[in-house]
Amino acid sequence: MSSVLFVYAQGGPPLGYALSRVAARSAVHLLALSTLPPTVAASAGRQCASVLTATGPERGDLVSLIVSRARTVGADAVVTFSEYAVVAVAEACEKLGLAGAGASCALARDKRLMRRTWEQRGISQPRFRPVADERELREAAGALRLPLLLKAAWSAGSTAHRIIRSADEVPAAWERAQEVMAESAGLGYAELHVAGAGADFLVEEIVPGTADGWFGQEGWGDYVSVEGVVVDGEFRPVCLTGRMPTVEPFTERAGITPAALPDDAQRRVVALAREAVDALGLENCGTHTEIKLGADGRMWLIETAARFGGAMTVPQIEEVFGLDLIGMLVDHLLERPVAWPEQSLTSQEARGAAGSLVVLAVDGAGDAWPDRRRWDFPAVRDAVALDADSRLSVVAENSLPDGTLVPVYDPAAGANTMAALCLLSAATPETVLHDFRTLVDALPRVLPAATATATTATTTTTAMTTGARS
């Protein structure tokens, strides 16, 4: 029987989901670089041929650890679905002579290298500058058009994003962004292979995005993502994910499969995604490419990742299109035949729709809730009136326990201050969007109020352990 080494770290699809798909294709050996979620830890031993945990200093040289473990277990393939481990796994696969993302994987991880590569190809993206300190950030603020977005070069989940509207905001923005990256690193949300990556930043102009003219329904966000895979160097698009508007600065609130875009618009979006992925020279991996939409059909690349979309993106695709992308990629890496879609799938091929919603303590306009609330999924399920055919569930692995105080939303921390991740299945993507808007409006009303004593507690650290990243 074939053997796969699964390198687990924070982020990516829920571990329980991903692990079951890999285990269905081969014997799986789990190398855990982060603490296993409690909902998975109890069953991991039954699903895996072996489990090795290396979460601290014993991890040492990560590439050498992965190579050594792969040789010990006789791995025929090595996989990871975490943004923070993709570079290490790609380098390990190169040393092992196994199929992987390839030697240029870092171009899809370090946003500075990614943007330079696209700039050299003349591919549409916001103007940007790498910045290494406050002085360089101030210089960039004088050279680029305000407002600007400061972002960490190796982050995920909109962590450490700061909007800079004037030069006077530079010192505070720089200080807070560094603080958030340090906090995230302490909880496992940081690059695991490249030393000092948390200090790398870039700043970019904020382009004028709009959903007007792209969708036939109000309420959609002004960006989409193209989910796909690279197979022996060839980009194969799978489908598009639609979005709700982000929460300031640019924290993602929801992803909806499929995106309700007309076919001609989808073809244009996929064409830009192909340019982006092809430029990075990837070999064998999942891809997740985010694209900003503008007026008069304009588009700009946001970023590409050499892995599948996180949170519930992959489970949504399986529910809607019947494609087990994780299992299919494992099969490909094991040199088995795989029937990838001939072209990007649309609503015409979909069996209904699905979406995932990040619960943040902000309303539909992005304003903070008027008071503190406790997370309680049964209260939400029973009190919020959704479409009659819609089905709402909670992703326990990526959610705080019922009764936990919902964290105050911190714009700099982004998804680190989420309380829960909800999954909704419905007949159409338009229904998912409508139900999510209803849910967002209802949350501060239907969730139980916190006690006066509890509201003084600090809960951001607790929230940061939920693990959802897109």
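The values are calculated or read from the model by the stated rules, or taken from the named source; none is laboratory data. Only a predicted model underlies this, so the values are computations on that prediction, with no experimental measurement involved. Note that each Cβ is placed from the backbone with ideal geometry, even for glycine, and that neighbours are counted across all protein chains shown.
For the range 186-200, filtered to residues that are within 14 Å of Ala153 (Cβ to Cβ) and of a type in the set (A, V, I, L, M, F, W, C), the residue that is surrounded by the most Cβ atoms within 10 Å (Cβ to Cβ) is Ala190. Checking each residue in the range 125-183 for being of a type in the set (Asp, Glu), surrounded by 15 or more Cβ atoms within 10 Å (Cβ to Cβ) and under 21 Å from Leu360 (Cα atoms) picks out only Glu183. Report, by residue number, each residue of the range 34-62 that is under 23 Å from the mean Cα position of the chain (by Cα) and buried (at least 17 other Cβ atoms within 10 Å of the Cβ). Answer for the range 34-62, where residues must be under 23 Å from the mean Cα position of the chain (by Cα) and buried (at least 17 other Cβ atoms within 10 Å of the Cβ): Ser34, Leu36, Pro37, Val40, Leu62.
Of all the residues in the range 157-177, those that are of a type outside the set (Phe, Trp, Tyr) and in a helix (DSSP H, G or I) number 10. Of the listed requirements (1) assigned to a strand (DSSP E or B); (2) under 24 Å from Thr287 (Cα atoms), Val51 misses just one: (2).
For the range 56-80, the tally of residues that are out of contact with any strand residue (DSSP E or B) (no Cβ under 7 Å at 6 or more places or on another chain) and either in the same structural domain as Gly327 (by TED's automatic domain parsing) or not in a helix (DSSP H, G or I) (or both) stands at 3.
Of the residues examined, Arg391 is not one that is surrounded by 21 or more Cβ atoms within 10 Å (Cβ to Cβ) and of a type in the set (Lys, Arg).
Once the range 9-30 is narrowed to residues that are touching a Lys or Arg at 6+ places or on another chain (Cβ under 8 Å) and in a loop (DSSP other than H, G, I, E, B), the residue that is nearest to Glu227 (Cα to Cα) is Gly12.
Scanning the range 340-389 for residues that are among the aromatic types (Phe, Trp, Tyr) and more than 30 Å from Glu248 (Cα to Cα) gives a single hit, Trp340.
For the condition closer than 27 Å to Ala177 by Cα, of a type in the set (A, V, I, L, M, F, W, C), in contact with a Leu (Cβ under 7 Å, 6 or more places away or on another chain) and in contact (Cβ under 8 Å) with a residue 12 or more places away in the chain, Val408 does not qualify. With respect to the conditions (1) in a loop (DSSP other than H, G, I, E, B); (2) among the β-branched types (Val, Ile, Thr); (3) at pLDDT below 95; (4) touching a strand residue (DSSP E or B) at 6+ places or on another chain (Cβ under 9 Å), Thr455 falls short on a single one, namely (1).
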